[in-house]
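K.L.:
Dropping the structure in here first, questions after.
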Amino acid sequence: MERREVESFFERAASVRVLVIGDLMLDEYLWGKAERISPEAPVQVVEVVREDLRLGGAGNVVHNLAALGAKVSICSVIGDDENGVLLRRAFQAKGVDLAGLFDDPDRRTSKKTRVIAAHQQIVRIDRETSSPIGALCEEAMLAYLEASCRSFDVIVVSDYLKGVLTPDILSAVCQAGRRLAIPVVVDPKGDDYGKYRGATLLTPNRKEAEIASGVAITDMETLEKAAAGLLSRLDLDALLITRSEAGMSLFRQQGEAVHIPTVAREVFDVTGAGDTVISVLSLGLACGLALPEAAWVANVAAGIAVGKLGTSTVSPQEIVAEVSHGLKDSDSKIKNLDVLARIIASERSRGKRVVFTNGCFDLLHVGHVKYLQKARTLGDLLVVGLNSDASVRRLKGERRPLIEESERAHILAALDCIDFVVLFDDDTPLKLIEALVPDVLVKGGDYRVEEVVGRELVEASGGRVELVQFVDGKSTSRIIEKILASY
């Protein structure tokens, strides 16, 4: 995927409604220095210098989804205790819907305390209840699912084997997903995957896939065998197996397997990386990405997550920056319309004047450059609408364009006078003009003002049309004629 496609994905994420169902917990980190041995016993003495409390388990999935811009709801059970109060406050601060979160006075809210010195975990202390939830809480969760499932775009199941996800609840979730055509994405645990039958997609790691399938995964052949068995036995649409440094492998009922290599980077902590993967993957499916595309973005996000210590989130900006890593600056100027419209609205609110022009710009020449430089002087930002290949063919014939749309976009974006480039498929840029409402609409001097598409809209909004003369004798057609005559 290109940068502009990833940006558009996150632009759509703000309208996605996600239900996260699973085991919630708090992750407490005690950071300190360990510079001496206790005189009481042969153990390190840790001098705590900083304390950090984070959302863990399914809560880390909620945190990731909220950080990515989604609208998140929770369905779970916690204890009626101090840690439960802290969890609720943390979720409320992130705008999470808690209508499906129930208290059980007989349970203990899970809390895992990690003591860290010199960037290494020294000990972990777990305080939790892991027995199955009681009948009353199970009935409350089932009633909530029955009443609200249809209002979500995707359901994420985060299983940490702490008793919230009973067989009846898992069955109800998977059945509702099938009945309502809502993707159900599961981060599984344990050796009995039969409880996830009918889910849309499972995301086990390699070791978990081995245990669930009964196949020792030692090479690509055994990996494919394990995946085929799980897909068939569990009636899944797809299976994404994470393979640590080997990346990810996506298997589907229909279509070939897709193997996504990891990006080499320093790994500090793999804690929570699976939560990042399922969050981005689920959000991608809800936003309409194809499974391989969603898995690819999830892989990028996981690479960022393992570079952080402890459970943490990954932001859209970090993912976009990682996708853009190694690309030339021109890539950052090429936008999809939804992203560009937000950027332009923000720039205009700061008093910037927006200039818009459009064209095919096939075989960029000095006439184009002079025209664009002149257009840029008419305002603060120059946006160029670029005809797609299909649009150029309709306008100029089947032999055009000579240079495909992606290359033309990057060539234009490399010009200092251009701030943004946006592709369009229509014969005219009217939809772009309606979305951006430029202050100045520029066309070539071979047009008359009354012929310019979008003139009425721009003028009605207080803007104006400017005609800019081309350099005499410079055109793509003449360059083509010269090449044909000479060669």
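K.L.:
How many of the residues making up segment 119-135 are among the aliphatic types (A, V, I, L, M) and surrounded by fewer than 12 Cβ atoms within 10 Å (Cβ to Cβ)?
P.N.:
Selection size over segment 119-135: 2.
K.L.:
Filter segment 326-353 down to the residues that are out of contact with any helix residue (DSSP H, G or I) (no Cβ under 6 Å at 6 or more places or on another chain) and over 25 Å from ALA13 (Cβ atoms), then identify the one that is surrounded by the fewest Cβ atoms within 10 Å (Cβ to Cβ).
P.N.:
Filtering segment 326-353 for residues that are out of contact with any helix residue (DSSP H, G or I) (no Cβ under 6 Å at 6 or more places or on another chain) and over 25 Å from ALA13 (Cβ atoms), the one surrounded by the fewest Cβ atoms within 10 Å (Cβ to Cβ) comes out as GLY351.
K.L.:
Contact list please: Cβ distance under 6 Å, first residue in segment 419-432 and within 11 Å of VAL383 (Cβ to Cβ), second residue β-branched (Val, Ile, Thr) and surrounded by 15 or more Cβ atoms within 10 Å (Cβ to Cβ), pairs at least six apart or on different chains.
P.N.:
From residues that are within 11 Å of VAL383 (Cβ to Cβ), the pairs are PHE420/VAL383; VAL421/ILE334; VAL421/VAL384.
One line per residue, one yes/no per condition, for (1) outside the structural domain of PHE356 (by TED's automatic domain parsing); (2) modelled with pLDDT under 95; (3) touching a strand residue (DSSP E or B) at 6+ places or on another chain (Cβ under 9 Å):
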residue: SER388; (1), (2), (3): no, no, yes
residue: LEU402; (1), (2), (3): no, yes, no
residue: VAL422; (1), (2), (3): no, no, yes
residue: ASP427; (1), (2), (3): no, yes, yes
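K.L.:
What are the residues in segment 8-61 that are outside any strand (DSSP E or B), touching a helix residue (DSSP H, G or I) at 6+ places or on another chain (Cβ under 7 Å) and small (Gly, Ala, Ser), if any?
P.N.:
SER8, ALA13, GLY59
K.L.:
Just checking, which of VAL320, VAL314, VAL297 is in a helix (DSSP H, G or I), at pLDDT below 90 and within 20 Å of the chain's Cα centre (by Cα)?
P.N.:
VAL320
K.L.:
Take the residues in segment 77-100 that are assigned to a strand (DSSP E or B) and touching a residue at least 60 places away in the same chain (Cβ under 8 Å); name whichever of them is surrounded by the most Cβ atoms within 10 Å (Cβ to Cβ).
P.N.:
VAL77
K.L.:
What pairs come up if the first residue lies in segment 37-52 and is free of Cβ contacts under 8 Å to residues at least 40 places away in the same chain, the second is assigned to a loop (DSSP other than H, G, I, E, B) and not charged (D, E, K, R), and their beta carbons are under 8 Å apart, counting only those six or more places apart or on different chains?
P.N.:
Note: pairs meeting the criteria are ILE37/VAL43; VAL45/SER38.
K.L.:
Evaluate segment 182-190: report whether one residue or more is at pLDDT 95 or above, out of contact with any His (no Cβ under 8 Å at 6 or more places or on another chain) and more than 19 Å from ASP275 (Cβ to Cβ).
P.N.:
The answer is yes; a qualifying residue exists.
K.L.:
For segment 346-357, indicate whether the set of residues that are in contact with a His (Cβ under 6 Å, 6 or more places away or on another chain) and either more than 28 Å from SER279 (Cα to Cα) or assigned to a loop (DSSP other than H, G, I, E, B) (or both) is non-empty.
P.N.:
The answer is no; no qualifying residue exists.
For (1) surrounded by fewer than 19 Cβ atoms within 10 Å (Cβ to Cβ); (2) within 26 Å of the chain's Cα centre (by Cα), each residue gets a yes or a no:
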position: TYR193; (1), (2): no, no
position: LEU202; (1), (2): no, yes
position: GLU208; (1), (2): no, yes
position: LYS225; (1), (2): yes, no
position: GLU245; (1), (2): yes, yes
position: SER249; (1), (2): no, yes
position: VAL258; (1), (2): yes, yes
position: THR262; (1), (2): yes, yes
position: GLY284; (1), (2): no, yes
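The values are calculated or read from the model by the stated rules, or taken from the named source; none is laboratory data. Keep in mind it's a predicted model, so treat the numbers as computed, not measured. Note that we place each Cβ from the backbone using ideal geometry, even for glycine, and neighbour counts take in every protein chain shown.
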